Structures are given as C-alpha cells and as structure tokens.
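This is the structure I want to talk about, given as structure tokens.
Computed from the coordinates by the stated procedures, all read-outs in this text should not be read as laboratory data. Note that this is a predicted model, so its numbers are computed, not measured. Reconstructed Cβ throughout: ideal geometry from the backbone, glycine too, with neighbour counts over all protein chains shown.
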Amino acid sequence: MTTKLLLDCDPGYDDAIALMLAYAHPELELLAVTTVGGNQSLDKVTANALSIAQALGKTHIPIARGADRPLVEPLRDASFIHGATGLDGVALPAPDFALLDSRHAVNVIIDTVMQEPAGTVTLVPTGPLTNIALAVRLEPRIVERVKEVVLMGGAYAMGNASPVAEFNVFTDPEAAHIVFDAGWKVTMVGLDLTHQARAYEPIRRRFNDLDSAAGRMTREILTNFADTYRRLRRMDGPPVHDACAVALVADPSLVACEPAPVTVELHGGATRGMTVADRRPDRAAGATTFVATQLAVDRFWDLAFDCIGRLP
Ligand code: BDR
Ligand code: CA
C-alpha cells in the first residue's frame with residue numbers, strides 16, 4: 001500500500017533530507033513538490049528544489065513555486081542557519097527553471113487534491129504554511145478531500161524562533177492559524193519530536209560510504225547543518241526536523257502522537273506564533289489536531305539511511 005503525498009517546502013538543509021526520503025521511500029508516491037518563501041527567498045528555495053530534483057533524476061515530478069512572503073508580515077528568512085543560498089556548502093547542478101510547472105503552487109495543491117481519489121492525498125508542509133492556507137481559502141473543498149496534513153512546525157514545550165514559537169509557525173502565524181483551525185486532521189510534528197532526530201557524529205559517519213550523488217549531498221548537508229547548529233544554537237547534532245514529517249507518513253509506527261487541540265497565538269507580545277497545545281487529558285476527545293511526542297530514533301535513522309541509499 002503506497003501513500004500519496006505532496007511536499008510543500010523551503011529547502012533548506014533539512015527540507016532537502018525530507019525531499020530525499022519522499023523521493024526514495026518505496027511506500028511513498030510523491031505527487032508534487034511546491035515551494036514557499038521561508039528559509040530563504042522564494043527564488044532561492046525554488047532553485048534549490050529544482051537542483052535537488054535534477055541531481056537525483058526526479059525531474060518528472062512536478063515542482064511549482066508558491067507564495068514569496070507570509071500573509072501579513074514581511075519574510076524574515078533563516079539564512080543565518082541555511083546560508084545565503086539556502087543550501088550553503090552543498091554542490092548542486094544549476095537549476096533549470098524551464099522544468100518548473102507553469103501553475104502557481106496553490107493551484108498545484110488544489111488540482112492534486114481534487115484530481116486524486118478522495119481521502120488519498122497527504123499534505124506534508126515543511127515550511128511556513130502560506131501556500132496551504134491560501135489553498136484552503138481558494139478551494140475549501142480540499143479540507144474534506146485530503147487524507148490528512150502532517151506538518152513540520154510548532155512546539156508544545158520550547159520554541160526556536162522565540163522562547164515559545166517555532167520558525168515555520170512564527171514566520172506566518174496567520175497561515176498556521178488557518179491550517180490548524182480548518183477541521184481536517186493535522187498532525188503537528190513540532191520541535192518536541194524533531195529534537196529527538198539529531199544527526200550526531202556517529203550518525204553522520206554512517207553516510208560516508210554512500211558513493212552516490214545523494215550520499216555526497218547528505219554528507220555536505222549534515223556537515224554544514226551541524227556547523228551552524230553548533231555555532232548558533234549551541235547544539236551538537238542538528239535536528240533533521242522536516243525529515244521527521246515524511247518519515248511519519250512513510251511509517252506511522254515511528255512516531256507516537258496524541259490528540260490535543262492546538263491554537264496558534266496571534267496576539268501575544270511575547271508569544272506570537274506559539275502553538276498552544278491543550279494536552280489536558282479531558283480535552284482530547286473530538287480533537288482533529290494531534291501532536292507528535294516520541295520518536296523511535298534508531299528506526300528513524302535506519303529508514304533515512306535506507307531511503308538515501310536507494311537514490312542515485
Ligand atoms: C524548521 O525551520 C526551518 O529552518 C527548517 O527547515 C524547519 O522546517 C524548524 O524550526
Ligand atoms: Ca523547512
């Protein structure tokens with residue numbers, strides 16, 4: 001049984017790993033890749049998505065550009081982590097923009113969900129939620145029609161863009177509010193979960209023997225990502241956040257989740273962009289939102305290694 005998914009991303013080091021898992025996992029069928037301004041400008045993350053697809057021979061899967069900024073605020077990118085290109089230190093072929101789908105990403109999301117059988121498409125956003133929110137507003141029927149949304153974003157304990165807010169939600173809180181509030185099943189793969197997927201040195205070493213474009217790309221990604229995380233976040237072993245969302249879709253047994261209503265804080269001075277998860281046991285009944293809590297770490301890395309090993 002394969003699962004159909006659409007990856008909405010802003011590559012980005014960990015988005016690039018997420019893309020590799022989505023391209024390679026034998027039980028995933030990646031229908032389209034859409035891009036959104038986030039880690040870097042829309043132009044740069046779109047260039048990166050194209051270059052990755054070209055390097056891995058995956059240009060037959062549509063890639064479409066989406067929103068270049070959040071719904072309300074200007075874009076404040078994460079170039080301090082991912083660099084001036086969004087993938088600093090990673091050697092990639094020059095992007096061929098002629099390969100881009102001519103549609104806007106929002107239309108690709110809508111067309112994909114409406115054309116596939118109802119209840120079969122999983123949306124996997126790994127950047128700010130701007131495109132997904134716009135798609136909900138433009139074609140509300142997608143809410144009933146998707147299987148579920150599994151997003152990397154948010155946190156119920158500690159943030160990274162602020163003490164309480166995670167980068168993707170903090171970047172476009174209004175869009176995140178729309179997505180969490182829509183009524184479809186949303187699983188928040190937040191920092192609580194992704195900080196369990198840390199690429200420590202022994203993990204990074206596992207990729208040394210992969211003699212392929214994907215192996216080399218992974219080594220360059222993890223080396224540079226580890227560097228910035230050590231320098232700027234004072235963390236040893238960068239969390240490969242976005243890859244966790246794809247892994248959950250590929251193998252739900254890897255991630256424990258619990259139902260909890262989630263509200264995105266829009267107004268608080270110090271708390272804007274916080275994902276307030278109500279984990280009180282008596283509030284779980286009827287919740288359409290879930291939070292990821294526990295990762296089977298070793299099996300997660302086995303899956304990542306296996307997927308990347310399948311790529312050219
Ligand atoms: C998220 O922020 C981005 O920098 C990463 O790509 C990931 O999607 C983690 O907070
Ligand atoms: Ca991302």
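For every helix of n ≥ 4 consecutive DSSP H residues, a contribution of -39,500 (n - 2.57) applies; sum these over the chain, divide by its total residues, and give [θ] at 222 nm rounded to the nearest 500 deg cm²/dmol. Don't skip to the end; give the middle numbers.
Values: 13 runs with 123 residues, N = 312.
Rounded to the nearest 500, the figure is -11500 deg cm²/dmol.
Apply the Karplus curve 6.51 cos²θ - 1.76 cosθ + 1.60, θ = phi - 60°, to the phi angles in segment 303-311 and return the couplings in whole Hz, x for Gly and Pro.
With the stated coefficients, segment 303-311 comes to 5, 4, 5, 4, 4, 5, x, 7, 8 Hz.
Can you sort GLU258, GLU201 from fewest to most other Cβ atoms within 10 Å of each residue's own Cβ?
Values: GLU258 15, GLU201 10.
Least crowded to most crowded, the residues run GLU201, GLU258.
Can you compute the modelled spin-label distance between SER212 and ASP306, with each label point 7 Å from Cα toward Cβ, in nm?
1.4
Given a 10 angstrom Cα cut-off, can you work out which residue in ARG141, ARG280, ARG230 is the most mobile in a GNM of the chain?
The residue that fluctuates most here is ARG280.
Along segment 218-226, what does the Karplus equation 6.51 cos²θ - 1.76 cosθ + 1.60 (θ = phi - 60°) give for ³J(HN,Hα), rounded to whole Hz, x for Gly and Pro?
4, 4, 5, 4, 5, 5, 5, 5, 5
Calculate, in nm to one decimal, what ASP227 and ALA270 gain on full extension: separation in residues at 0.36 nm each, minus their alpha carbon distance. Provide the component values of the computation, followed by the final result.
Numbers: separation 43, 0.36 × 43 = 15.48 nm, distance 2.90 nm.
Length gained between ASP227 and ALA270: 12.6 nm.
Still on this structure: Order by neighbour count: LEU99, LEU71, fewest other Cβ atoms within 10 Å first, most last. Intermediate values should be presented prior to the final figure.
Working: LEU99 14, LEU71 18.
With the fewest neighbours first, LEU99, LEU71 line up as LEU99, LEU71.
For ILE63, which sequence-distant residues (separation of 5 or more, or a different chain) have an amide H within less than 5 Å of its own amide H, given hydrogens modelled in the peptide plane?
So ILE63 has HN proximity to VAL33, ASP101.
While we're looking at this one, here's another question. Please report the antiparallel percentage of the DSSP beta bridges confined to the chain, to the nearest 5.
Values: 10 of 34 bridges.
Once the DSSP bridges in the chain are tallied, antiparallel ones form about 30 percent.
Under the 0.36 nm per residue contour assumption, what length would be gained going from the current alpha-carbon distance of MET1 and ASP68 to full extension? Display every interim value, and only then the final one.
Numbers: separation 67, 0.36 × 67 = 24.12 nm, distance 3.54 nm.
Extra length available between MET1 and ASP68 comes to 20.6 nm.
Taking the chain as a Gaussian network, where each spring joins two C-alpha atoms under 10 Å apart, which residue of ILE132, ILE142, ILE203 fluctuates the most?
Sorting by GNM fluctuation, first place goes to ILE203.
Let me ask you something else. Work out the length of the dipole vector of segment 3-310 about its Cα centre, built from +1 on the beta-carbon of each Lys and Arg and -1 on the beta-carbon of each Asp and Glu, and round it to the nearest 20 debye. Write out the running numbers ahead of the final one.
Details: 28 positive and 38 negative charges, 59 e Å.
It works out to roughly 280 debye.
For CYS9, CYS257, what ranking results if the residue with the fewest other Cβ atoms within 10 Å of its Cβ goes first? Working shown, then result.
On the way: CYS9 31, CYS257 18.
Sorted ascending by nearby Cβ count, the order is CYS257, CYS9.
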